[in-house]
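Beneath this line is the structure, given in structure tokens, with notes to follow.
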Amino acid sequence: MATSRALAALLRNSPKQLQVRSYYTVNKKHGNREVVGHGINGEPIYTDLADFPMPAIRYKEITPDLQALREKEKGDWKKLSIEDKKQLYRASFRQTFAEMEAPSGDWKGVLGITLLGVSFSLWFYVWLKHYVYPPLPITFDEEHRLAQLERMKLLDVAPISGKLKDL
Amino acid sequence: MLRIAAGRLTSSLRQAVQPRQATGAVALVQARASHGHHETDEEFDDRYEKFFNRPDIDHWEIRKAMNDLAGMDLVPEPKIICAALKACRRLNDYALTTRFLESVKDKCGPEVDKIYPYILQEIRPTLDELGISTPEELGYDQPELWLESPENIH
């Protein structure tokens, strides 16, 4: 009884830092960026995703310049210049959709390296043919193959039989 | 003694339970057969319009609704977009308007040439009233910056 009371008192008086909310949290990593939403997993993280376009935090930390622009944003939006609007966008978001979905051009490198591999193998085969494999047997030339065909006809190998109209 | 008590208990229990069981079973069958209430497209549009029109909508709620819309197999109706843009105005968040319009354009998919001009034409009065520029007017229809992918930053 006395022990549990002492333990409770200890927990009550323990400093705030000791009370860890969750082991895996990324809490406090976002600096003074404004947390403006739940985000994709409830953590204050920023990701650019086309199918989940509004992340939990704004991309940029609040600076005095930005603060001034924020005050201007509270007024009439018709008074904002195009530059102001773009700056506000980049303060909240890192990439536009067009940048997110821009082609990376990686396919060129992939295709190039694949073709390098293919041509290396072809030249390796040429080298093998030239230096490693023995020449083909003499029976592979046309004269010998025709002679073989004649022998097959004489010996009636795999004959095609039946009436001509059925074929 | 015990048997009498048990018999009374059983009969009273049966009376208490049986009628309820019967009605409960009927209700259950009806609930299962009806598959709940199906929301029509008009009801869906009204629901989202009403949600964006809430006077006390906050940053979390507006982003939740926009992210949900971005995850659905549809392009939001112009009236939903107008309500969302007005909600952005009440929250003084300009960046959100551009992001939302970009998201709507992205939702048009391969039909973007047909759907997006129609949407712009429908929401043009709201854009002019609030002083909102379209992503095209900001030059965001083309990539502006090249940024290293976060996957490649260690």
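For the range A:30-43, backbone phi angles converted through the Karplus equation (6.51, -1.76, 1.60; θ = phi - 60°) give residue-by-residue couplings of 8, x, 9, 5, 6, 8, 10, x, 6, x, 6, 9, x, 9 Hz, Gly and Pro being listed as x. Surface calculation, 1.4 Å probe, protein heavy atoms: residue B:38 sits at approximately 140 Å² accessible.
Here is the P(r) of the range B:38-154: all C-alpha pair distances, binned every 5 Å from 0, give 2, 10, 20, 23, 20, 13, 6, 4, 2, 0 in whole percents. The distance linking the range B:71-119 with the range A:57-104 is 18 Å (Cα centroid to Cα centroid, whole angstrom). Karplus-based coupling profile of the range A:83-96, in residue order and whole Hz: 4, 4, 5, 5, 5, 5, 5, 5, 6, 8, 9, 7, 10, 7, with θ = phi - 60° in 6.51 cos²θ - 1.76 cosθ + 1.60 and x standing for Gly or Pro.
Scanning residues 5 or more positions from residue B:137 or on other chains, none has an amide H under 5 Å from its amide H, with H placed 1.01 Å from N in the peptide plane. Taken along its three principal axes, the alpha carbon spread of the range B:96-154 comes to 46, 27, 16 Å, from the longest extent down to the shortest. Ranking B:57, B:153, B:115 from most to least accessible surface, computed with a 1.4 Å probe over the protein chains only, gives B:153, B:115, B:57. Accessible surface of residue B:144, taken over heavy atoms with a 1.4 Å probe and every protein chain present, rounds to 80 Å².
Annotation: extensible slack from residue B:129 through residue B:142 equals 2.1 nm (criterion: 0.36 nm per residue apart, minus Cα-Cα distance).
Is there a simple number for the mean count of other chain Cβ atoms within 10 Å of the Cβ of residues in B:89-98, and what is it? Can you show the working numbers first?
Numbers: counts 1, 0, 1, 6, 6, 14, 14, 7, 4, 8.
Across B:89-98, the average partner-chain Cβ count within 10 Å equals 6.
Near residue A:85, which lysines are there with a Cα under 26 Å away, not counting those fewer than 8 places off in the same chain? Result set, ordered by chain and number: A:60, A:72, A:74, B:64, B:79, B:86, B:105, B:107. Rounded to two decimals, the Cα radius of gyration of the range A:73-163 over 2.2 N^0.38 Å is 2.91. The distance between label points at residue A:78 and residue B:47 comes to 3.7 nm (points 7 Å beyond Cα on the Cα→Cβ vector).
The values are calculated or read from the model by the stated rules, or taken from the named source; none is laboratory data. All of these numbers come straight from a predicted model, not from anything done at the bench. Reconstructed Cβ throughout: ideal geometry from the backbone, glycine too, with neighbour counts over all protein chains shown. Surface accessibility is based on the protein's heavy atoms, side chains included, excluding ligands, DNA and RNA. Shrake-Rupley method; radii C 1.70, N 1.55, O 1.52, S 1.80 Å.
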